[in-house]
Amino acid sequence: MNDSLPGPGPEAEPQLVEAEEAYDPAGPAPLGVERAPTGDAEVDALLQRLGDADHLATDGHIEVYEDVHRGLRDALTALDARPGPPAPSPSSPHTPPYTPSYNRS
């Protein structure tokens, strides 16, 4: 056997490695999902934060999703805490109080 066969030398291997690193089908890629404004600045900012996941590897998405979920949940909870109109009382002035009628015959 002859070890001096013609072929690519060791200098060709780094080029091959660089070409493989340049193409990564599992790498982060934007989904291109449009986010329509809601009119609520806080909610719009949280929805915009979802775009951060476009530049992260899949294992980094959970942090973004949990952050957005927490913010949206807090925004909904705040809606429940806002003072609104008073609740109607059980006996409204338009409704006569219930009085049972007994027929004693």
Candidate residues R82, R73, R35, R49: accessible-area rank, largest first, probe 1.4 Å: R82, R73, R35, R49
When every protein chain stays in place and a 1.4 Å probe is rolled, E63, E34 sorted by accessible area with the largest first are E34, E63
Expected field for H69, accessible surface area in Å² at 1.4 Å probe radius, rounded to 10, holds 110 Å²
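The values are calculated or read from the model by the stated rules, or taken from the named source; none is laboratory data. The structure displayed is predicted, hence computed values, not measured ones. Accessible surface areas use protein heavy atoms only, side chains included; no ligands, DNA or RNA. Shrake-Rupley method; radii C 1.70, N 1.55, O 1.52, S 1.80 Å.
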